[in-house]
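Below you'll find the structure, written out as structure tokens, and then a few comments.
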Amino acid sequence: MNRKTILITDDSTALRAMLVSIIESLGDFRVVEAANGFDALRLLPREHVDLIFTDINMPDINGLELISYLRNNPNYQHIPVIILTTEGSQSDIEKGRLLGANEYIVKPCNCSDLKNIIVKYLD
Amino acid sequence: MTDDNPLLNKAIRDFLAEAEEIVEHLGSELADLADSAGNGDINPDLLNSIFRGAHSLKGLAGMFGFAGVSELSHYMENLLDRLRLGKLRLDTEVIAVLFESHDVLLSLVRRLSEGESDAADDKISSCAARINACLEEKTRDAACPSPLEKLGLSEQVMKSLTEYEEHRLLENLSKGKYIYSVHATLDLATFDQDLARISDAIKTCGEIISTLPCMSSDPETSIDFDILAGSALVFQEFLPAIQHDNVTLTLLSDGEKTPAPAGPNAAGATSAESGSPTPVESPATPIAQSPVPDSPAAGAPPVSAKSISRTVRVDIGKLDELMNIVGELVLAHSSIAALAQRMRNERFSQMAVELGKSAKVLERKLNDLQKGVMDIRMIPVGQLYDKMSRIVRTISREQGKKVELRFYGADTELDKLIVEDISDPMMHIIRNAIDHGIESPDKRVAAGKDEKGVIKISSYQKGNHVVIEVEDDGGGIDVEKVKERAQQKGLVQNPGAVSDKEALEFIFLPGFSTTDQVSEVSGRGVGMDVVRNNIAAISGMVDIETAQGLGTRFIITLPITLAIIKSLIISCAGRTYALPVTSVLESLILTGGDIKTVERREVIQLRDNTLPLLRLEDFLCLNRPSHRPDEFYAVVVGVAEKRLGIVVDDLLGQQDIVIKSLGEGFRRFPGIAGAADLGDQRTILVLDVGGMINDTMRSGS
């Protein structure tokens, strides 16, 4: 069976650990992590990624900038991108949608939110 | 989400570690912010970093279902968001609210780590109310027409600016800064280092507003970045700062308060390229040369998966375990070495010699291993300094005093556990220094001093110890008043006969305080006796020096580590004990005639000094089955400036030992640091020299 790979970009180690444990409990997925936009940019050429979750507020390269890059690069254009952010940043979420993010989830999110997204984009 | 899933439990531990880190970092950044607000110059990066701290904590706590932390950080985030977007002015009330909220946040995280709940309580709602009051009262509408279109930014750049970045851009424009676009084409293999270099260069002469990665003409080997920067420098001054291959600089605004219309091709827009004479608009392959010398050969997939951080967070318990194993290895080695020696003594053979040699090699490697494990436990004292600066700011604000902290020797290293245990006593000493030491600004001016008091904290290594000094330039301790008080308490009959140095020792007695010293602040703290006991519990000592009108200095002497130590094995009344070699200065052979009695205490004359003696059998209340030997030893021990001769029957040799705790039940037993295994199935007690000296000095005075 072909395992799907999910990339999580968030600067919180604990939050990534949490998401990894949830996602891995949802099915046989491979999860790769990036602590910021840099890490994600470095990782993408080497990994075949099927779904990306990204935070918006990150140092150096923010989530919007990452999405903009992904959507303009033919290699990554097709990868679904889900914004993972806290409420209160409506205008940033709106920008993310305009840049081509597929959906957004507001933190704190629960297992079923994540499950719905994963089922929707990976099945 | 907290069920019995071990993965999740581990995740919760990760959460707590990270939350604590964020909150502590937040504290020192808030303190910096308060400082810079005082100078009227607020660093936008600092404010944004604080905002991001609160923001991460909120998201994090929310995910883990810790409602209290999440709620409070949410309120803080709201306030900080307004601040960083320039919609709210940073005044003293706002700073006070932030500090208070941070304190509550810290206590909530502490509660969580002790397994309690962080459920909403009065403190959170009171912080929330104060924050909301700030938001309602002072929010000013930042209704400014957007002059951004005039910059001629590409649609892509405009679209990916966060609200905050947009605000920074406007802020730079309104201050009349020039806005530059820096376009860089970088090799995919090394782009992170190259970009970091460019970013650092830009930061030396301006502010980075955003960094947008974009497609290069050859996406397989290179990547482009559009960096938006604001700077007060004109084009010709800015250009040399970013000398780098494949970097193009474009001026977007001309730096006037109201930016003149400047289309992408307007006259104001200049384009220049540094480094290479060839145009770089469309390099088919990047023009060469990553400045990084060890860049991998072309063709090989050079991208690294390494994360930028080079540190690992390790539970100290695991290090203790490792240390124990090293200790046991050292013991195992000792018995092999002893066996080799015996074989050689009994019947000399080539094999015994070989075994002895191997044992020597093993010993060297074990020493390296031991040193390696010890090094891992060491952390710089500077970590303590961060905590202290926050405390100083809080207390001096409460007291209306002006205090400047100066730190020296932040990279002196100490065992992690010692650093943790020393932070409470140090906090108390510093609290005392501000409360009682530093005078109020008007008093200081009247005394001809600068109205700002100075507290110096310095640390340095001295032999096998680390010394931490806390020095204030306040009023000093009134020694005469201390003597008077001692007389009132019936501690001395004739205060005139007490030396100043002895008088200062009274301060460390339980319940001792001069009348002037009592204030609201000291009421909630602990006494200096607790400070001394806490320091003695980690085999340290504390001394005071004071000069009236000039200030007071507390000198804390600490062992570098408690984990594994060289010790002197001694015997007394048929029992064996270990003394840490770090505190042993010398040992003397004595006979009964050498001992004199001065003021009912046994002493000997050691060169020019009189050395007080302590008979170990008396100190430990041992029954002596046989007579004292005619010839015996005095081990001269010293910590800081204090000296004591410990009278023992015999010296048995030196050995490395791993000190193990006796457990809570024996924690308060003075003079015993713990127990150690000697490797031949014998367990002995390890004497605590600091505790013994303290105890002797106390019973003497």
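For A:Ile61, the residues whose amide H sits under 5 Å from its own are A:Gly37, A:Phe38, ignoring neighbours fewer than 5 places away on the same chain, with H placed 1.01 Å from N.
When the convex hull of the C-alpha atoms of the protein assembly as shown is computed, what volume per residue in Å³ does it have? List each step's numbers first, then the result.
Working: hull volume 199.4 nm³, N = 824.
Cα convex hull per residue, to the nearest whole number: 242 Å³.
The loop-placed GluC sites (Glu not before Pro) in segment B:199-253, going by DSSP, that have at most 11 neighbouring Cβ atoms within 10 Å of their Cβ come out as B:Glu220.
Among the listed pairs B:Lys175/B:Lys387; B:Lys318/B:Lys566; B:Lys566/B:Lys660; B:Lys501/B:Lys660, a Cα-Cα separation exceeding 25 Å is found for B:Lys175/B:Lys387; B:Lys501/B:Lys660.
Sorting the segments A:60-73, A:33-46 by their residues' average number of neighbouring beta-carbon atoms within 10 angstrom, most packed first, yields A:60-73, A:33-46.
In this structure, B:Ile595 and B:Arg575 have a Cβ-Cβ separation that, at R0 = 22 Å, corresponds to a calculated FRET efficiency of about 0.50.
For segment B:333-417, applying the loop criterion from DSSP together with a ceiling of 13 other beta carbons within 10 Å to the chymotrypsin sites (Phe, Trp or Tyr not before Pro) yields B:Phe348.
Enclosing the Cα atoms of segment B:593-661 in their convex hull gives a volume equal to 167 cubic angstrom per residue. Taking a sphere under 13 Å around the Cβ of B:Lys402 and counting the other residues whose Cβ falls inside, with K and R at +1 and D and E at -1, yields a net charge of -2.
With Kirkwood's inverse mean 1/r over C-alpha pairs for Rh, give me the Rg to Rh ratio of segment B:309-388, two decimals please.
Dividing the radius of gyration by the Kirkwood radius yields 1.23.
Take the Cβ atoms of A:Glu103 and B:Ile42, set R0 to 45 Å, and the FRET efficiency comes out at 0.75.
Compared with the rule-of-thumb size 2.2 N^0.38 Å for a compact globular protein, segment B:413-458 has a Cα radius of gyration ratio of 1.53. Counting, for every residue in B:11-19, the Cβ atoms of other protein chains within 10 Å of its Cβ and taking the mean gives 4. Annotation: Cα Rg of segment B:312-460 relative to the compact-globule expectation 2.2 N^0.38 Å equals 1.74.
Model label sites at B:Ser349 and B:Lys566, defined 7 Å from Cα along the beta-carbon direction, differ in position by 3.4 nm.
Can you give the average number of partner chain beta-carbon atoms within 10 Å of each beta-carbon in peptide B:62-71, as a whole number? Write out the running numbers ahead of the final one.
Values: counts 7, 12, 4, 2, 1, 1, 0, 0, 3, 0.
Partner Cβ neighbours, averaged per residue: 3.
Per the Cα gyration tensor, segment A:22-68 maps to an equivalent ellipsoid with semi-axes of 21, 13, 9 Å, ordered largest to smallest.
One compactness figure for segment A:1-120 is 0.96, namely its Cα radius of gyration divided by 2.2 N^0.38 Å. For segment B:555-673, the Kirkwood hydrodynamic radius from C-alpha pairs, put into Stokes-Einstein at 4 °C and a viscosity of 1.567 mPa s, yields a diffusion coefficient of 83 µm² per second.
Exceedance of the 18 Å cut-off in Cα-Cα distance is limited, within the set A:Lys4/A:Lys95; B:Lys416/B:Lys456; B:Lys402/B:Lys456; B:Lys371/B:Lys416; B:Lys87/B:Lys203, to A:Lys4/A:Lys95; B:Lys416/B:Lys456; B:Lys87/B:Lys203. Neighbouring Cβ atoms from other chains, within 10 Å of the Cβ of residues in B:207-213, number 5 on average. Annotation for segment A:1-69 versus segment B:407-473: alpha-carbon center distance of 45 Å.
The convex hull built on the alpha-carbon positions of segment B:37-112 has an orientation-averaged projected area of 4.9 nm².
Within the shell defined by Cβ-Cβ distances under 12 Å, the residues around B:Asp218 carry a net charge of -3, with Lys and Arg each +1 and Asp and Glu each -1.
Where a number appears in this text, it was derived from the coordinates with a stated rule and is not lab data. This structure is a prediction, so every number in the text was calculated from the model and none was measured. Virtual Cβ from ideal backbone geometry, glycine too; neighbours counted across all protein chains shown.
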